[in-house]
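Note sheet for the following structure.
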Amino acid sequence: MGTHCILDLYDCPPDLLDDADFLQAAMQHAAERANVTVLKVVAHQFHPHGVTVLGLLAESHLSIHTWPESHYAAVDVFTCGDSVRPDRACESLIETLQAQSHQLQTLERNVPLAAIALAETSRN
């Protein structure tokens, strides 16, 4: 059904993590690299610092949540489809946000219906 990438970015420049316009542009660039279609992007600037950017994709969603005071960003990339490349979105954000280190977890979100039916049968 889809691929869900959970990306933690460490030691990023805090000025980048506190710039909503920059983060929206970074998201657009990451979406282009992932070969996904952006339907809408919204951002919220927190005070005194931090930004959340959400991208609604035709193929699912992309989000960035930042903590500039900790030099940290949490990223979610969830995509569906055969022609998409969520790994490229992650690579783009690692580079663009200048992360000195990162941790990436990739989950395949594709539980077969037969497994769901089997689980329901075992509960009864």
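The values are calculated or read from the model by the stated rules, or taken from the named source; none is laboratory data. Since this is a predicted model, take the numbers as computed values, not measurements. In this analysis, Cβ positions are derived from the backbone assuming ideal geometry, glycine residues included, and neighbour counts consider all displayed protein chains. When the accessible area is computed, the model is the full protein with side chains, heavy atoms only, and any ligands, DNA or RNA have been set aside. Shrake-Rupley method; radii C 1.70, N 1.55, O 1.52, S 1.80 Å.
Before moving on, here are some points about what is shown:
- Among 98-107, 84-93, sorting by the average number of other beta carbon atoms lying within 10 angstrom of each residue, highest first, gives 84-93, 98-107.
- Above 20 Å, the calculated P(r) of the range 1-76 contains 27 percent of its Cα-Cα pairs.
- Estimated dipole of the chain in Debye, rounded to 20 [Cβ of Lys and Arg +1, of Asp and Glu -1, Cα centre]: 480
- Ellipticity estimate at 222 nm from DSSP helix runs (n ≥ 4, -39,500 (n - 2.57)) divided over the chain, nearest 500: -10000 deg cm²/dmol
- Accessible area per residue for the chain, computed on protein heavy atoms with a 1.4 Å probe, is 57 Å².
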